[in-house]
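The values are calculated or read from the model by the stated rules, or taken from the named source; none is laboratory data. Fair warning: this is a prediction, and the values are worked out from it, not measured in the lab. Methodologically, a virtual Cβ is constructed for each residue, glycine included, from the backbone with ideal geometry; neighbour enumeration extends over all protein chains shown. We work out accessible area using only protein heavy atoms, side chains counted, and drop any ligands, DNA or RNA first. Shrake-Rupley method; radii C 1.70, N 1.55, O 1.52, S 1.80 Å.
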Amino acid sequence: EATMDIDVKCKPSQPHWYEHYVQPCVAELLGSAIFVFVGCLSAVEDTGQLGSLQPALVHGLALGPIIVIAGDI
């Protein structure tokens, strides 16, 4: 009979200070920077024919991936 010894490491009850304090700040910083950068580029590259529709659509469409990428942090 062969038995397997498996070492199970329990996760600490409280998250590491990095996960608790630094990761949310970095995620917020990067998410906001991407959102502002994409929004400014859409306003700079606006053709004028669409009026304020292009920046509004770009801001709305940029928000989805940012939430998906940084939302679980």
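Would you please classify the overall shape of the chain from the alpha carbon gyration tensor, given that a ≥ b ≥ c denote the square roots of the eigenvalues, rounded means a/c under 1.5, and beyond that prolate means a/b larger than b/c while oblate covers the rest? Prolate is the answer for the chain, as a/c is 1.5 or above and a/b outweighs b/c.
Rolling a 1.4 angstrom probe over the chain with all protein chains present gives an accessible area of which 66% lies on carbon and sulfur atoms. Placing pseudo-labels 7 Å out from each Cα toward the beta carbon at Q49 and W17 gives an inter-label distance of 5.7 nm. Measuring r between the beta carbons of I73 and C40 and using R0 = 25 Å, the FRET efficiency lands at 0.55. Over the residues of the chain, the helix contribution to mean residue ellipticity at 222 nm works out to -19000 deg cm²/dmol, using -39500 (n - 2.57) for each DSSP H run of at least 4. Please determine, in degrees from 0 to 90 and to the nearest 10, the orientation of helix 23-44 with respect to the longest principal axis defined by the Cα atoms of the chain, where the helix direction is its Cα long axis. It works out to around 20 degrees.
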